[in-house]
1. For region 53-65, state whether one or more residues are exposed (fewer than 10 other Cβ atoms within 10 Å of the Cβ), at pLDDT 95 or above and either under 16 Å from the mean Cα position of the chain (by Cα) or not in a helix (DSSP H, G or I) (or both).
2. Taking region 25-48 as the search range and keeping residues that are acidic (Asp, Glu) and open to solvent by 90 Å² or more (accessible area, probe 1.4 Å), which one is farthest from the chain's Cα centre (by Cα)?
3. Could you tell me how many of the residues in region 30-52 are in contact with a helix residue (DSSP H, G or I) (Cβ under 9 Å, 6 or more places away or on another chain) and outside any helix (DSSP H, G or I)?
Amino acid sequence: MLAPSSTPVRCRSNALQLSSVPEEAGQQSPAKKNQENIMEMASLKGAEEIAKLDIQERTKRAMLAESVEDRIFELVDELEQIVEKNNGVLE
């Protein structure tokens, strides 16, 4: 689903890393490859199931997912402000 041009689109790819250990360029650990395979298979199965739904249900789910994503970004921003305000110490 494409966002209208007036809607800001945000991405926090650096916050969603599977591991904090840096990997050599182009090399993945077997565990990470396995995780990616599991996610790919789940994604394909989910796409097949979603394709079976009518357009109204798919639209409703997409809108709900967008609102959940927006709330997650709001909470991340709030947490970052709290951490900055307290020099990295949560209250």
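The values are calculated or read from the model by the stated rules, or taken from the named source; none is laboratory data. Only a predicted model underlies this, so the values are computations on that prediction, with no experimental measurement involved. Cβ coordinates were reconstructed from backbone atoms using ideal geometry, including for glycine residues, and neighbour counts include every protein chain displayed. With ligands, DNA and RNA removed, areas are computed over all heavy atoms of the protein, side chains included. Shrake-Rupley method; radii C 1.70, N 1.55, O 1.52, S 1.80 Å.
1. Looking through region 53-65, at least one residue is exposed (fewer than 10 other Cβ atoms within 10 Å of the Cβ), at pLDDT 95 or above and either under 16 Å from the mean Cα position of the chain (by Cα) or not in a helix (DSSP H, G or I) (or both).
2. By that ranking, first place goes to GLU48.
3. Residues flagged as in contact with a helix residue (DSSP H, G or I) (Cβ under 9 Å, 6 or more places away or on another chain) and outside any helix (DSSP H, G or I) within region 30-52 amount to 0.
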